[in-house]
Amino acid sequence: MVDVITMKNEPTLSSLSNLALNDNRKQARTWPLSRLPLIKELSRNWPLYLMALPALLAIIIFSYVPLSGLLVAFLDYSAVKGIAGSKWVGLGNFQLVFQNPFFATALRNTLYINLMKLIVGFPAAIILSLLLNEIRLGWFKRLVQTATILPYFLSWVVIGTMFRNLLAPDGLVNEILQTLFHADPVIFLSDPQKFPLVIIFQDTWKYWGFGAVLYLASMSGIDPTLYEVAMIDGANRWQQTLYVTLPAIRPTMATVFILSVGWIIQGGFEQIYVMYNTSVYSTGDILETFTLRLALSQSKYGMATAVGLLQGIISVILVLSVNYSVRRFSRQGL
């Protein structure tokens, strides 16, 4: 009789599981808010988040809030009626853009100029950094590095004025050509064939010093013992560069390349705007200058916004595609 009563009073497996479930529910209802991961992180590092708050607000206000203006691409926008009063046209602005005869020319020029900037400027920065890394005279290395990075801090207006004076028919470059080679004056900035070459050289000259600084910073983290081991194995300077330096800066190269690809379809407006003229529209007009004329000269705000939206979408696709390819083949990327 005692055994029967004891068995009835013993908790069964199902009752134990129900008790555990009820305890978990009670704990879930009474879980303190301070134990949540986000709240715990904010309470622990609130001074750091407070310092980052102005930058976060600036990004939201100046980068994300203006995205609402992309609605203009789908409207027959009128500055008087505003976004709310303008007529919805859907993809009509995109159709008008593709039918515009100047759009194809601007797209072709944009792709050609920016691709050549990438093909010439990307390896130029790497080569400059490798050459600077081999210089042993400290003062000479600092002199060259300062001279090459200085153009990066100059505005395109200043650089454009310098090049206009240097490449003018009576400028310094033509004087040298006439004096040393007895050549006729060359019209650099009004020749449609030479104008893209000037733009590509100008962009490389401005940015290769800054790119070299990025690669030199990456080289500073290379373990010197790797070079010592390579020297013991009989590697010369070229072989040390090929098998030690270049593999070490490969992650930086991949990152810079991926970010640069995003500018193939856009970028370079300030440079082109201060350098080009009507005589080089056939090879110098790019998408940014094309949209500027659409918006300010022709008041076609919807078409101009549609071109900008297309550029943004294509840039995102290019960056994601190149990043995926780089990560797949070299296991490096963003």
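The values are calculated or read from the model by the stated rules, or taken from the named source; none is laboratory data. Keep in mind that this is a model prediction, so the values were computed, not measured. Glycine also receives a Cβ, built like all others from the backbone with ideal geometry; neighbour counts cover every protein chain displayed.
Tabulated values for the structure
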| item | result |
| --- | --- |
| Complete set of residues in region 101-136 that are at pLDDT 90 or above and not in a helix (DSSP H, G or I) | none |
| Scan of region 225-238 for residues that are over 32 Å from the mean Cα position of the chain (by Cα) and assigned to a helix (DSSP H, G or I), ordered by number | THR225, LEU226, TYR227, GLU228, VAL229, ALA230, MET231, ILE232, ARG237 |
| Close pairs from region 57-80: first without any contact (Cβ under 8 Å) to a residue 40 or more places away in the chain and not assigned by TED's automatic domain parsing to the domain that holds THR291, partner assigned to a loop (DSSP other than H, G, I, E, B) and surrounded by 10 or more Cβ atoms within 10 Å (Cβ to Cβ), Cβ under 7 Å, at least 6 apart | SER78/SER86 |
| Residue in region 41-58 that is surrounded by 10 or more Cβ atoms within 10 Å (Cβ to Cβ), acidic (Asp, Glu), on the phi < 0 side of the Ramachandran plot and touching a strand residue (DSSP E or B) at 6+ places or on another chain (Cβ under 9 Å) present | no |
| Residues of region 62-78 satisfying the condition of being aliphatic (A, V, I, L, M) and farther than 14 Å from ALA304 by Cα | VAL65, LEU67 |
| Subset of region 101-136 [surrounded by fewer than 16 Cβ atoms within 10 Å (Cβ to Cβ) and within 30 Å of SER299 (Cα to Cα)] | PRO101, PHE102, ALA104, ARG108, LEU111, TYR112 |
| Complete set of residues in region 209-230 that are in contact (Cβ under 8 Å) with a residue 60 or more places away in the chain and either of a type outside the set (Val, Ile, Thr) or on the phi > 0 side of the Ramachandran plot (or both) | GLY209, PHE210, GLY211, ALA212, LEU214, TYR215, LEU216, MET219 |
| From ILE149, ILE159, residue being at pLDDT 90 or above and either outside the structural domain of GLY284 (by TED's automatic domain parsing) or farther than 30 Å from THR241 by Cα (or both) | ILE159 |
| Sole exception among (1) surrounded by fewer than 16 Cβ atoms within 10 Å (Cβ to Cβ); (2) more than 30 Å from the chain's Cα centre (by Cα); (3) not in a helix (DSSP H, G or I) for GLN193, by number | (2) |
| Conditions (1) of a type outside the set (Val, Ile, Thr); (2) over 25 Å from the mean Cα position of the chain (by Cα); (3) surrounded by 14 or more Cβ atoms within 10 Å (Cβ to Cβ); (4) part of a helix (DSSP H, G or I): number failed by GLN95 | (3) |
| Residue tally, condition outside any helix (DSSP H, G or I), aliphatic (A, V, I, L, M) and loosely packed, with under 14 Cβ neighbours inside 10 Å, over region 137-179 | 2 |
| Boolean, MET275 is more than 30 Å from TRP88 (Cα to Cα) and in contact (Cβ under 8 Å) with a residue 12 or more places away in the chain | yes |
| Residue in region 292-334 that is farthest from TYR273 (Cα to Cα), counting only those that are β-branched (Val, Ile, Thr) and loosely packed, with under 13 Cβ neighbours inside 10 Å | ILE317 |
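For (1) in a helix (DSSP H, G or I); (2) within 25 Å of the chain's Cα centre (by Cα); (3) of a type outside the set (Gly, Ala, Ser), each residue gets a yes or a no:
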site: GLN240; (1), (2), (3): yes, no, yes
site: PRO247; (1), (2), (3): yes, yes, yes
site: THR252; (1), (2), (3): yes, yes, yes
site: LEU259; (1), (2), (3): yes, yes, yes
site: TRP263; (1), (2), (3): no, yes, yes
site: VAL274; (1), (2), (3): yes, yes, yes
site: TYR281; (1), (2), (3): yes, no, yes
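Conditions tested, residue by residue: (1) in the same structural domain as VAL316 (by TED's automatic domain parsing); (2) touching a residue at least 24 places away in the same chain (Cβ under 8 Å); (3) crowded, with 17+ Cβ neighbours inside 10 Å.
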| position | (1), (2), (3) |
| --- | --- |
| TYR207 | yes, yes, yes |
| ILE232 | yes, no, no |
| GLN239 | yes, no, no |
| PRO247 | yes, no, no |
| PRO251 | yes, yes, no |
| GLY262 | yes, yes, yes |
| ILE265 | yes, yes, yes |
| SER282 | yes, yes, no |
| PHE290 | yes, yes, yes |
